[in-house]
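Student: Below you will find the structure I want to go over with you.
The values are calculated or read from the model by the stated rules, or taken from the named source; none is laboratory data. Small disclaimer: the values here were computed from a predicted structure and weren't measured. Cβ atoms come from the backbone with ideal geometry, glycine included; neighbour counts cover every protein chain shown.
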Amino acid sequence: MTQLVISDVSKRYGATTALDRVSLTVEPGSRVAIVGPSGSGKTTLLRVIAGFEAPDAGTVVLDGQVLADGPAIAPAHLRRIGSVTQDGALFPHLDVAGNLGFGLDGSEPDRAQRLRELMELVELDPAMLTRKPHELSGGQQQRVALARALARKPALMLLDEPFSALDTGLRESVRQAVARVLTRAGITTILVTHDQGEALSFADQLAVMREGKLVQTGSPYELYWRPADIETALFLGNAVLFDARIETVGVSCVLGRLAAETGGRSGSGTIMLRPEQFRLSPVGPGLEAGIEDIDFRGAQCVVTLLATQGGAETRFTAQVPSVEQPQIGDVVFVSVKGPAFLLPSAG
Amino acid sequence: MTVSLSLDAPALPALPLRRQRNLAGRAMLLLASGVALCALLPLGFILWIAIETGWQTALALIWRPRVGELLANTLLLELCTLPPAIGFALALAWLTERSDMPGAKFLSWLAVAPLAVPAFVQSYAWVSLFPRFHGLPAAALVSVLAYLPFLYLPVAAQMRRLDPELEHAAASLGQSPRRIFLRVVLPQLRLAICGGSLLVGLHLLAEYGLYAMIRFDTFTTAIIDQFQSSYNGPAANMLAGVLVLSCFGVIGLEWLLRGGARYARIGSGAPRPAPRRRLGAWRWPAVTLPIALALLGLGVPALTLSRWLMADGDTIWRQGALVASLATTLGYAAAGALAAVAAALPMAWLSVRAPNRATRFLESCHSYPGALPGVVVALALVTVTVRIALPLYQTVATVILAYVLMFLPRALVGLRAGIAQVPVELERASASLGRNPARTLLAVTLPLAAPGVAAAMALVAMGVATELTATLLLAPNGTQTLATEFWALTSELDYAKAAPYAVLMILLSLPMTALLHAQARRSLNA
């Protein structure tokens, strides 16, 4: 059974289109990340799912229950959807216990036991139950917010950039903790973020949004290596693009003949390579290129290469392990690991 | 695998689907527009009488030596009051916030405390101590003492908020401490000085009791004389028109001086508190300035009041009218506070939850009556009730309406702060935790907004408790509030009997002083 089905949801604010016929199916138990630049409509989509915003058109169905049918929507408090926002939105006038128990039935008999379990679930010390939200660190606040949402055993959990207010070091550990907790609880989750690294590592399904449209969905691996267009390719990581001629098998470009799926296309096209696909070696075979610049980044270094072929200059970057770091001015031979990706022709 | 139960899980019940109509938002907009219309009444009144009177008559009424004299008086009063007040405010603020003067915290309370003494009680204290204390010097001295806190509060607040890094940067660029104060600190205080001066300037124009008591004629005293002696409509109304123009003049001047200036800290993170400057040998002598000002502004009223109270013993407290007028005052204060907060609520909600160009316009309609003298609001309501709704003339309802108009800005500021304590995200969090809108209101919105609402009501109530001008002109015959009864007694030169009324008004104003002081401190941390 499919859990969440969003079909053709549209939403306008005056002249701006926030959502343009968005359709998305979320499988039970999966973790979906919606990524896109700010203003792409991802937060609006989350609000529509949560019930804080009514779509102009389209339907949202959760487990067969209609949540939204055009502008007619079910009230947010009757949906079985939990949510954690950027700052956690803990109630400042209640202590941690008050926040955790906010969504629980008041008559629940073993309430204290339940609160302790929830604290342990999010890996917090139950002694913190008597603290006020402002006495917690940012990471602890986010864990309490997650536990508060989990207390109601929601069918779906919405995470709206919940890690972006945290320090870089803390962000990763909280993210891993949250992923662990949600997996253990087996709750379907939708994460909204503008941080592609976060999305790639958190999700087992990725949905890329741009200007109110859902551009592409698929596994993080598929989207990273087989993006639908140049913008998606660049949004998910660094990419190097070359003009290429499509051959019967593979493509050919300045780097020579490369393996690629052509899907029966012919003529010319654009191929994408990730900078970490390049291998530099002092001897051929490969494209001869000079090292123009090196940007050392610790484990990796980013090398700017300049190749001259037939009077035409080609400049591109490669990312190589820094143990193999060349020197500026060296001449190297560039070869490619793995296949190139032939971008779908525009339009 | 034993877990295959989900296959025969019962179908979930259908949820009720409803269109969001945003009824609350629309109702708030409608109500706020209604209140804004009411708030435009005094301005409409001025325009109306200007048109009705016609150019010829208006010119004849305005182009008189008397009006010129009043204008000169008003101008001189502003000129003699503002510069010393600004100077004292700067000195006090620097001493209490940025120097190691002993007892700085206590002295900062002393600097704010004169707010608890209503301006007309302040002048009563001086007149009954020095019976021949009259004219411009007297007016300027009492004005400085009574209104200094309005300048001190914002200047001290801003001084605490200044980022010391800027001063360190200036020092590292080779500037001497004196030049740093002139070129770095003072420019950053400009907004606070302009704002405080505007407030003081408007009070100088609007105050009646203070100047009537020491027989210094301003527009406001002249309007009320005119009104009480002859009910001479056009003459009083024309003076009111000139008074409103003066107010606009003061506002315009402040706007010009303030310019488009906006001083913000660039960069992120909270500023570190500035280090206090060591005064060395001047540490103790510095105390004389705040102490001297406190002696003049608080000591003199205390001396006068205690003298009158001692002279007559405790019989003076057994006036029947005292209890009655206290009860009336409390009743008016409560009613005024409730009405003003209720009237300001829709606007406060809109300006926090739905700020846009239209609501900002509505908000300025709500705020501008704060700049109008009470006498203008009162005259407008007298004229409107007499001409259009006579049954409402001199009724409690009209007095309350005047209070609502006069204290609307105060209520709005407090309510906005209260509502801002409940960001919409918290209400959404409550909804996603299964609470319906009514239970969300009870469990989240009200508990969080209540302190701000209570503070707003207290501020309005305390303003009403010492309000004199509008109450004199509008209250039903025979109504005795603390302020009007105090006024009647001092007009008969019965200073001794008036003393208990003054004491009660000061006691009622004390919480407001504490509130304002606390608010100014808190705004720094926000």
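Student: For the structure I just gave you, tell me whether B:T74 is surrounded by 19 or more Cβ atoms within 10 Å (Cβ to Cβ) and under 30 Å from B:P234 (Cβ atoms).
Tutor: So B:T74 passes the test.
Student: Then there is this: From the list B:Y368, B:Y332, exactly one residue is of a type outside the set (A, V, I, L, M) and either outside any helix (DSSP H, G or I) or modelled with pLDDT of 90 or more (or both). Which is it?
Tutor: After applying the criteria, what remains is B:Y332.
Student: Right, here's the next one. Going by what's in this entry, would B:A431 be described as within 14 Å of another protein chain (Cβ to nearest Cβ), more than 25 Å from B:A397 (Cα to Cα), of a type in the set (A, V, I, L, M) and crowded, with 19+ Cβ neighbours inside 10 Å?
Tutor: So B:A431 passes the test.
Student: Another question about this same structure. When A:L115 is evaluated against the numbered criteria (1) outside any helix (DSSP H, G or I); (2) closer than 24 Å to B:R428 by Cα, which criterion, by number, is the only one it fails?
Tutor: Condition not satisfied by A:L115: (1).
Student: State the number of residues belonging to segment A:61-101 that are in contact with an Asp or Glu (Cβ under 8 Å, 6 or more places away or on another chain) and either farther than 16 Å from B:R435 by Cβ or in a strand (DSSP E or B) (or both).
Tutor: 7
Student: Being surrounded by fewer than 12 Cβ atoms within 10 Å (Cβ to Cβ), closer than 30 Å to B:V375 by Cα and either more than 14 Å from chain A (Cβ to nearest Cβ) or among the aliphatic types (A, V, I, L, M) (or both): is that true of B:G34 here?
Tutor: no
Student: Given the structure, is B:T445 of a type in the set (S, T, N, Q), within 12 Å of another protein chain (Cβ to nearest Cβ), part of a helix (DSSP H, G or I) and closer than 23 Å to B:A339 by Cβ?
Tutor: yes
Student: It is to be established whether one or more residues within segment B:394-405 are of a type in the set (S, T, N, Q), in a helix (DSSP H, G or I), touching a residue at least 40 places away in the same chain (Cβ under 8 Å) and away from chain A (no Cβ under 14 Å).
Tutor: yes
Student: In segment A:8-51, how many residues are surrounded by fewer than 16 Cβ atoms within 10 Å (Cβ to Cβ) and among the small types (G, A, S)?
Tutor: The qualifying residues number 7.
Student: Could I ask something else about it? Given the criterion of a type in the set (G, A, S), within 11 Å of another protein chain (Cβ to nearest Cβ) and surrounded by fewer than 23 Cβ atoms within 10 Å (Cβ to Cβ), identify the matching residue among A:A76, A:A54.
Tutor: A:A54
Student: For segment A:197-213, what are the residues that are surrounded by fewer than 22 Cβ atoms within 10 Å (Cβ to Cβ) and in contact (Cβ under 8 Å) with a residue 24 or more places away in the chain?
Tutor: Within segment A:197-213, A:E198, A:L200, A:S201, A:D204, A:Q205, A:R210, A:E211, A:K213 meet the criteria.
Student: Among all residue pairs at least 6 apart or on different chains, which show Cβ distances below 6 Å where the first residue, located in segment B:86-97, is aromatic (F, W, Y) and the second is assigned to a helix (DSSP H, G or I)?
Tutor: That search, which allows pairs on different chains as well, returns B:F88/B:L148.
Student: On the basis of being of a type outside the set (G, A, S), within 8 Å of chain A (Cβ to nearest Cβ), over 30 Å from B:L474 (Cα atoms) and surrounded by 23 or more Cβ atoms within 10 Å (Cβ to Cβ), does B:L426 make the cut?
Tutor: Taking the combined requirement at face value, the residue does not satisfy it.
Student: So if I check each of A:G58, A:G103, which one is of a type in the set (G, A, S) and over 27 Å from B:L446 (Cβ atoms)?
Tutor: Only one candidate passes the filter, namely A:G58.
Student: Among (1) free of Cβ contacts under 8 Å to residues at least 24 places away in the same chain; (2) away from chain B (no Cβ under 13 Å), which single condition is A:M128 missing?
Tutor: For A:M128, the exception is condition (1).
Student: Okay, next question. (1) more than 9 Å from chain B (Cβ to nearest Cβ); (2) surrounded by fewer than 22 Cβ atoms within 10 Å (Cβ to Cβ); (3) out of contact with any strand residue (DSSP E or B) (no Cβ under 8 Å at 6 or more places or on another chain): which one isn't true of A:F102, the others all being true?
Tutor: With respect to (1) more than 9 Å from chain B (Cβ to nearest Cβ); (2) surrounded by fewer than 22 Cβ atoms within 10 Å (Cβ to Cβ); (3) out of contact with any strand residue (DSSP E or B) (no Cβ under 8 Å at 6 or more places or on another chain), A:F102 is out only on (1).
Student: So, in segment A:136-180, how many residues would count as being more than 14 Å from every other protein chain (Cβ to nearest Cβ), surrounded by 22 or more Cβ atoms within 10 Å (Cβ to Cβ) and assigned to a loop (DSSP other than H, G, I, E, B)?
Tutor: 1
Student: Suppose the filter is assigned to a loop (DSSP other than H, G, I, E, B), closer than 24 Å to A:G51 by Cα and either within 14 Å of chain A (Cβ to nearest Cβ) or not hydrophobic (A, V, I, L, M, F, W, C) (or both); does B:G478 pass it?
Tutor: For B:G478, the condition - assigned to a loop (DSSP other than H, G, I, E, B), closer than 24 Å to A:G51 by Cα and either within 14 Å of chain A (Cβ to nearest Cβ) or not hydrophobic (A, V, I, L, M, F, W, C) (or both) - is not met.
Every residue, every condition in (1) in contact (Cβ under 8 Å) with a residue 40 or more places away in the chain; (2) outside any helix (DSSP H, G or I), yes or no:
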site	(1), (2)
B:G196	yes, no
B:L199	yes, no
B:L202	yes, no
B:Y211	yes, no
B:F216	yes, yes
B:T221	no, no
B:Q226	no, no
B:A236	yes, no
B:G241	yes, no
